[in-house]
4 protein chains.
Amino acid sequence: MSHNSFGHLFRVTTFGESHGPALGCVVDGCPPGLPLRAEDIQADLDRRKPGQSRFTTQRREADEVRILSGVFEDDRTDGPRTTGTPIALLIENTDQRSKDYAAIRDLYRPGHADYAYDVKYGIRDYRGGGRSSARETAARVAAGAIARKVLPGVTIRGAVVQIGPHGIDRARFDWEEVGRNPLFCPDPVAAKEWESYLDGIRKDGSSIGAVIEVVAEGVPPGLGAPVYGKLDSDLAAAMMSINAVKGVEIGDGFPAAALRGEENADEMRPGNDGPTFLANHAGGILGGISSGQPVVCRFAVKPTSSILTPRQTVDRDGQAQDIITKGRHDPCVGIRAVPVGEAMMACVLADHWLRHRAQIGDGAPHGRKG
Amino acid sequence: MSHNSFGHLFRVTTFGESHGPALGCVVDGCPPGLPLRAEDIQADLDRRKPGQSRFTTQRREADEVRILSGVFEDDRTDGPRTTGTPIALLIENTDQRSKDYAAIRDLYRPGHADYAYDVKYGIRDYRGGGRSSARETAARVAAGAIARKVLPGVTIRGAVVQIGPHGIDRARFDWEEVGRNPLFCPDPVAAKEWESYLDGIRKDGSSIGAVIEVVAEGVPPGLGAPVYGKLDSDLAAAMMSINAVKGVEIGDGFPAAALRGEENADEMRPGNDGPTFLANHAGGILGGISSGQPVVCRFAVKPTSSILTPRQTVDRDGQAQDIITKGRHDPCVGIRAVPVGEAMMACVLADHWLRHRAQIGDGAPHGRKG
Amino acid sequence: MSHNSFGHLFRVTTFGESHGPALGCVVDGCPPGLPLRAEDIQADLDRRKPGQSRFTTQRREADEVRILSGVFEDDRTDGPRTTGTPIALLIENTDQRSKDYAAIRDLYRPGHADYAYDVKYGIRDYRGGGRSSARETAARVAAGAIARKVLPGVTIRGAVVQIGPHGIDRARFDWEEVGRNPLFCPDPVAAKEWESYLDGIRKDGSSIGAVIEVVAEGVPPGLGAPVYGKLDSDLAAAMMSINAVKGVEIGDGFPAAALRGEENADEMRPGNDGPTFLANHAGGILGGISSGQPVVCRFAVKPTSSILTPRQTVDRDGQAQDIITKGRHDPCVGIRAVPVGEAMMACVLADHWLRHRAQIGDGAPHGRKG
Amino acid sequence: MSHNSFGHLFRVTTFGESHGPALGCVVDGCPPGLPLRAEDIQADLDRRKPGQSRFTTQRREADEVRILSGVFEDDRTDGPRTTGTPIALLIENTDQRSKDYAAIRDLYRPGHADYAYDVKYGIRDYRGGGRSSARETAARVAAGAIARKVLPGVTIRGAVVQIGPHGIDRARFDWEEVGRNPLFCPDPVAAKEWESYLDGIRKDGSSIGAVIEVVAEGVPPGLGAPVYGKLDSDLAAAMMSINAVKGVEIGDGFPAAALRGEENADEMRPGNDGPTFLANHAGGILGGISSGQPVVCRFAVKPTSSILTPRQTVDRDGQAQDIITKGRHDPCVGIRAVPVGEAMMACVLADHWLRHRAQIGDGAPHGRKG
């Protein structure tokens, strides 16, 4: 058991505080022989990096990753390759402004982890939220970049599908669009509307929630296991462990509760490589095990609690206070959660792919043709 | 790592198939000295038992539990008490009608685990769904009854808050009402409406989804840990591991995505024993750690895939077929999920209570008065 | 984490007390499709069964095992086969004479777990040693029988190589002989001598220690991992977890401390299927990873503390007392530890075989020909 | 499951290769509020540091440790204190001479991990042994320094008690002496003899084994658990995971096999704070649980396989070769294993102390006075 590790066979342990010297992770269990350079990881980190638009925190972090172990290169390896030993990744913090946080040293932001950390540990690194900061997710994204390498043929993509009360038009859903706007929005019309909506939120010193959807295509059938090692169970844990997430859905999710059995059935027809499904209400997971369909997961991110509107709170001594949070914050922390959600999906799938291989071996799935 | 275990320090391993000789579980890590009799467990099992109304499967199982180990009684112990060693619980299956299932031996119910199990394992105990049957949840409920004993002062209750498209009126929410109707409904008016709605579903040979809410009151602050041992992360995994669950929410859940920071803030005022919160959007969990407020969790259950309406599917050989599922099934499997959800909440909280005690000890939480 | 589970991917959880209703285990992670009948397990259990000679306890237990889950048979499976779901095994206790133990209810046998259990848990099932009884090892042997099925081509055998101060003559070592005498002795001359030596111990109401050697042949190279998932590290934990074991050695073990580098080197020559080793000081494990040589492990068992010679002790209230232990005990508990040691070796190897397959896949080891 | 983590609640994950950029560890689960400075850790590291006498490798490493996370200091904390979040420790490698190892790039040292790593992973960082180098133990020693802080009142000390065939005189055993000679020898007479003996080994370009004894005093009774979470089982795994260890003993260890029950009994008399034991054959552990007596553990270290005497081996292509290992090596790697053994003991005890507290709470042990 470990508080700060995730996964079983593809196992990620993260460390670091928002304003400490560095953050990073150790990835244990990665198969040997995979090509891995810092650049491969950096590309994903850059998508999550703060300060890239007016819609994210203005903290400037290079988020430059250094590989400390677990890869080896000589003239025989054709570039650096994983060796099967633990891969440690390090990202130094460079743009801390800890004095910004003196004001919240003794005050609890309503809805923030401030109070819970203090009540549990009796000590709290309040600078930038310390361990509870979303800055920790840089380590997840780095680990996710390695996880993707473990999963040949699997494509994992995420998008923001709702900001505040404003959703997207599914008819306009376009994965290409996601990279074209600063909001990871797959609908170009909604993207424009959201920008002006967010400008208003930002000017108000307020914040707003969002819903993110992550889809994995090319997932082989058979990943997952009864009844606590279910793929969806691990995905739910993974997404819910991301800062500010309050809900997770697989496939149709909550709306499935309103469906009748006939409506919810993903009917099957003969296909070339296993059955063809006529729908995907299940989100690619049946009985906790992947079916070969795209794995679809959504999660809800609440608005951040660091806002300029004064709120009632108490201080460390239990006295009544009002609080306003200055400093550099994301008006919609859900936006940068997209690469984080992708990384968690990648880590969960890599873990389950190794788990599957342990029990079943790496032959073709049963019942598939060829 | 274990496919069929749940929890870390309060650790439950379940076993058994729907139509095998027996099912049960081993609970490891339970503190010693707790009074425990089979009757204590039986009470919870009886709430989950099938065949108690026309709205659940007509399979007749006594679900009689036997304690095989981990308790001891002599004239000094004042009744049987836990000894700190593993507690094994056994429930024999008595009312299997396996021949009912010959028809699905070679057919995959759309939306069911049938296909996923076959594609993964190449062999499947198809009788009654085998390991994928909701019958496994009897073992969870039994374990949950022990978990409750580990949590003095914590009250865990669940209710169905939506069936199909029909919700409840929160103004009429009454925990007492839950035990008075066969649908675990906290709203007496909705309960009546649901009964006739479900009669229709049942007569159609169809099925319907539901949403269940579980609330734990009296949870001490401080349970949980950053950043993968979060209380909400473990709750999400726990609920998502229940059969047919497709979504999990903590506190406001998905609707929180539509809120602004000011609306979502649970403001705090001085209180007698820690702060008083003016709202509970967070569902009792901040930064993955309990705040002392009620822990609120909801989960969505899809309609069961065993229905009488013919659906298109394939058989084991990949040939196109139509399927109708006869046998004894729950028209709304969400109903009996209420005691299961409560049990999972109890297991997660017991586990986190032990985890908290390991790292912090059992003194009063920091920052609390007294 | 679990107190009563062993292994990671081939994971065994045992339960049960010496004089409770039953003992057993759950084996989780076993690959699907393996043929498994209760008879397969019973054969190993019968080798460990008490009451088979005058050198073991006279308690009469049939140790009949029942498979409760995880196997399935129909006309397509050609006998019962594992399904990949957890396999629960149950052995009912039938010959408890609990009143024999009333005398030790309040007294601590020097060298026994009596005191440690009471001081830890404050409650103790003292009947027959409760959970600390070697009776628990029946569950290990049952699990080991399944582990053997996971390891095609691996032969695991054990023998007693020392009883009290009396060793064997390695020149007379004969695996066939082990099954011919009641002492699992591989040296027919030593076997005779030990019998009369043990008769003396037994008549004195005393007990004596032993050393057991377990050898696994046919182990593929590559099992194990740096640096805490080492094969030898897990073997050490496994053997040390057996009742009364006080030492574990791999290969040359403690005598290796007296060797020089040249003497200890297992030189290598080209072979047909990987290198040929000219010696096996290492006991088949290099850097925590199997080399393809036989894996050799020895463990030392202390004499049991249940003896007729009076010893000084204290009672539950801390008062000085003398103690004599009557009841039915093994004069040399090491004898029946042979099948237990084999079972632990099998479980560790099965676990590591699955772990290896997870990270590497099931292709041929690198560097091997063919 | 994790290949490179150790412990359950006090959980240490190490990373790093001998000639990579850095090595280090993440310690997760440490209680909050403990004072911790890099200097506290450095003191232990300096005891293990190479190049301090002619009897250890001449590699010059400062082994300077940097704390990257998990501690916090402000004017309220009275120096840096642990926060309950993961503590990452980093040690940069500074004195690699990787070209020394080009010769073993394609050759397998007999008795070394070279071959096993290649056969498992198909790729190997051969520089200085890579991950299999004893250099990894620096991270263990660093983690052990933190573990010691978790254990108030516990004193953990180690000594070399045998080098090659030469033991110590127990009558001269003096813990103070251990720090006065470069061999961690508790017997001043033996220390002198060993020095000249080792000079001979060194001049021969050979190597030799050793036996280390580690003793923990002040361990509270009750640590450990049946039957796979035994304190001795975890100690065995811990010690066997140290490089080159081939045997582990608790208390009397292997010689206990030659004892009769009367001889091996640790008789008990009434004492002031729990019973007084008249002997400690058990090494402080009964039934896997600490008794309150000193915990005594010994382990055997084989001679290193890097020697100047030519040995027969094969190369990567399976061809016959002779090998001589140059480079900088410890003639007796057992010497520097003393602080490593202490660190492992500290980590195991810290882990079990937290595990005990989880299940039992932090009240006084049952049955103890006061």
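The values are calculated or read from the model by the stated rules, or taken from the named source; none is laboratory data. Being a predicted model, the structure only gives us computed values, none of them experimental. Neighbour counts run over all protein chains shown; Cβ positions are idealised from the backbone, glycine included. Just the protein is used for accessible areas: all its heavy atoms, side chains included, with ligands, DNA and RNA removed. Shrake-Rupley method; radii C 1.70, N 1.55, O 1.52, S 1.80 Å.
Observations on the structure shown:
- Condition check for B:Thr85 on (1) more than 17 Å from the chain's Cα centre (by Cα); (2) farther than 25 Å from D:Gly287 by Cα: one failure, at (2).
- Residues of segment D:2-14 classified as over 24 Å from D:Arg357 (Cβ atoms) and open to solvent by 10 Å² or more (accessible area, probe 1.4 Å), total: 1
- Residue in segment D:173-194 that is in contact with a Pro (Cβ under 7 Å, 6 or more places away or on another chain), crowded, with 21+ Cβ neighbours inside 10 Å and part of a helix (DSSP H, G or I) present: no
- Close Cβ contacts (under 8 Å, 6 or more residues apart or on different chains) running from residues in segment A:345-359 that are under 16 Å from A:Ile285 (Cβ atoms) to residues that are part of a helix (DSSP H, G or I) and of a type in the set (Asp, Glu) comprise A:Val348/A:Asp234; A:Asp351/A:Asp234; A:His352/A:Asp234.
- Qualifying residues in segment D:307-330 (those that are within 12 Å of C:Gly271 (Cα to Cα) and part of a loop (DSSP other than H, G, I, E, B)) - the one least open to solvent (accessible area, probe 1.4 Å): D:Gly318
- Segment D:207-248, subset closer than 18 Å to C:Leu231 by Cα and part of a strand (DSSP E or B), residue farthest from the other protein chains (Cβ to nearest Cβ): D:Val245
- Breaking point among (1) crowded, with 16+ Cβ neighbours inside 10 Å; (2) farther than 23 Å from A:Leu183 by Cβ; (3) in contact (Cβ under 8 Å) with a residue 60 or more places away in the chain, for A:Gly283: (3)
- When each of C:Ser241, C:Ser290 is tested for being farther than 26 Å from D:Asp118 by Cα, touching a Gly at 6+ places or on another chain (Cβ under 9 Å) and small (Gly, Ala, Ser), the lone residue that passes is C:Ser241.
Yes or no, residue by residue, for (1) open to solvent by less than 10 Å² (accessible area, probe 1.4 Å); (2) without any contact (Cβ under 8 Å) to a residue 40 or more places away in the chain; (3) among the hydroxyl-bearing types (Ser, Thr, Tyr):
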{"position": "D:Ile41", "(1), (2), (3)": "yes, no, no"}
{"position": "D:Asp46", "(1), (2), (3)": "no, yes, no"}
{"position": "D:Arg54", "(1), (2), (3)": "no, no, no"}
{"position": "D:Glu64", "(1), (2), (3)": "no, yes, no"}
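- Residues of segment C:257-285 satisfying the condition of being at the interface with chain D (Cβ under 7 Å from one of its Cβ atoms), part of a loop (DSSP other than H, G, I, E, B) and acidic (Asp, Glu): C:Asp266, C:Glu267
- Within segment D:207-223, the only residue that satisfies the criterion of being open to solvent by 10 Å² or more (accessible area, probe 1.4 Å) and over 20 Å from the mean Cα position of the chain (by Cα) is D:Pro220.
- Considering each residue of segment B:286-301 in turn, at least one proves to be under 22 Å from A:Val161 (Cα atoms), touching a Lys or Arg at 6+ places or on another chain (Cβ under 8 Å), touching a residue at least 24 places away in the same chain (Cβ under 8 Å) and facing chain A (nearest Cβ under 7 Å).
- Scope segment C:86-104; condition in contact (Cβ under 8 Å) with a residue 40 or more places away in the chain and in a loop (DSSP other than H, G, I, E, B); matching residues: C:Pro86, C:Asn93, C:Gln96, C:Arg97
- Verdict on D:Lys203 being at pLDDT below 95 and either charged (D, E, K, R) or open to solvent by 10 Å² or more (accessible area, probe 1.4 Å) (or both): yes
- Of all residues making up segment C:172-222, the number that are among the basic types (Lys, Arg) and in contact (Cβ under 8 Å) with a residue 60 or more places away in the chain: 1
- Among the residues of segment A:156-167, the ones that are open to solvent by 30 Å² or more (accessible area, probe 1.4 Å) and within 13 Å of chain B (Cβ to nearest Cβ) come to 4 in all.
- Tallying residues that are touching a helix residue (DSSP H, G or I) at 6+ places or on another chain (Cβ under 8 Å) and more than 14 Å from every other protein chain (Cβ to nearest Cβ) within segment C:191-206 yields 1.
- Some residue of segment A:105-120 being away from chain B (no Cβ under 13 Å) and open to solvent by 20 Å² or more (accessible area, probe 1.4 Å): yes
- With respect to the conditions (1) among the small types (Gly, Ala, Ser); (2) buried (at least 23 other Cβ atoms within 10 Å of the Cβ); (3) in contact (Cβ under 8 Å) with a residue 24 or more places away in the chain, C:Gly153 lacks only one, and its number is (2).
- If you check A:Asp204, A:Asp232 for being in contact with a strand residue (DSSP E or B) (Cβ under 6 Å, 6 or more places away or on another chain) and of a type in the set (D, E, K, R), only one passes: A:Asp232.
- Residue check, B:Leu68 under 26 Å from the mean Cα position of the chain (by Cα), among the aliphatic types (A, V, I, L, M) and farther than 24 Å from C:Thr82 by Cα: yes
- Check on C:Arg157, part of a helix (DSSP H, G or I) and within 16 Å of the chain's Cα centre (by Cα): no
- Checked against the criterion of being away from chain C (no Cβ under 14 Å), buried (at least 24 other Cβ atoms within 10 Å of the Cβ) and not in a loop (DSSP other than H, G, I, E, B), segment D:135-142 contains one or more residues that satisfy it.
- Of D:Gly70, D:Gly79, all but one fail to be away from chain C (no Cβ under 14 Å) and farther than 21 Å from D:Asn4 by Cβ; the exception is D:Gly79.
- Selection status of D:Phe254, among the aromatic types (Phe, Trp, Tyr), at negative phi, within 7 Å of chain C (Cβ to nearest Cβ) and open to solvent by 10 Å² or more (accessible area, probe 1.4 Å): yes
- Filtering segment B:286-304 to residues that are touching a helix residue (DSSP H, G or I) at 6+ places or on another chain (Cβ under 7 Å) and open to solvent by 20 Å² or more (accessible area, probe 1.4 Å) leaves B:Gly287, B:Lys302, B:Thr304.
- Among the residues of segment D:20-34, the one identified as at the interface with chain A (Cβ under 7 Å from one of its Cβ atoms), over 18 Å from A:Phe72 (Cα atoms) and in contact with a Leu (Cβ under 7 Å, 6 or more places away or on another chain) is D:Gly29.
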